[in-house]
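Below is one structure, written out as structure tokens; comments come after it.
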Amino acid sequence: MISEDNPVTTLHLAIFASGRGSNAQAIIDYFRNHKSIQVRLIVSNKSHAGVLDIAHREAIPSYVIKDRASFEQGKKISKYLSGYKIDYIILAGFLWRIPENLIDRYKQNILNIHPALLPKYGGKGMYGQHVHQAVSAAGEVQSGMTIHLVSPQYDEGKIIFQKTVNINAHEDPKIIAQKVLGLEHRYYPTTIEKYILQHQKTSG
């Protein structure tokens, strides 16, 4: 647990997202009345991202990162997260790499979701439709989603959950995206919950 003065009964999540925020909405809905986990903050690197509309509608504080260089240094965002007593960072379609000092501060407390079965189709530049296009071009008959801890390298952190879905060889990437997104909405919130509760027990 990161925040020493944060009650054990209420763990605070910050969701980082760059897009429309459908996974963020699924997470917010799941934890809306949770007894010990609360979405406390929405962070985005895009001032017009749809996820900010969700934050406004849900009355959740939001923060827009305006300077990438400052973000990469990590000190300003770390201070901001501390102000909201954030215990876990949840990446939900956030396209920037997380600074190493933030990873160190939130060691094993940052989760990411990837729209493919890692270690295949991961790495820099592999996000969103780029992933689904690569899966389709390769003629895969299965795809899926991976939830993993965040490390300094893209998509190389410890895998904590994967789920597969059957697809047709060379299927339209948009159809693959729909199938995978369905898995994400269904399994990301529950995996977050399971991981956090177990992590709290083992970390003391």
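Points worth noting:
- Here the residues Thr202, Thr191, Thr146, ranked from fewest to most Cβ neighbours within 10 Å of their Cβ, fall in the order Thr202, Thr191, Thr146.
- Per-residue [θ]222 nm for the chain (sum of -39500 (n - 2.57) over DSSP H runs n ≥ 4, rounded to 500): -12000 deg cm²/dmol
- Straight-line cross-link partners of Lys179 among the aspartates and glutamates, defined as a Cα under 19 Å from its Cα and at least 8 positions apart when in the same chain: Glu140, Glu171.
- Taking other C-beta atoms within 10 Å as the exposure proxy, His199, His48 rank His48, His199 from fewest upward.
- Normalised size of segment 1-118, defined as Cα radius of gyration per 2.2 N^0.38 Å with N residues, equals 1.00.
- Flagged links, alpha-carbon separation over 20 Å, of Lys46/Lys76; Lys35/Lys194; Lys107/Lys201; Lys35/Lys79: Lys35/Lys79
- Counting neighbouring Cβ atoms within 10 Å and putting the fewest first, the residues Val141, Val39, Val51 line up as Val141, Val39, Val51.
Here, each number is a calculation from the coordinates, and none is a lab measurement. If you're wondering where the values come from, they're calculated on a predicted model, not measured in any experiment. Neighbour counts are summed over all protein chains in view; Cβ atoms, including those assigned to glycine, are modelled from backbone coordinates with ideal geometry.
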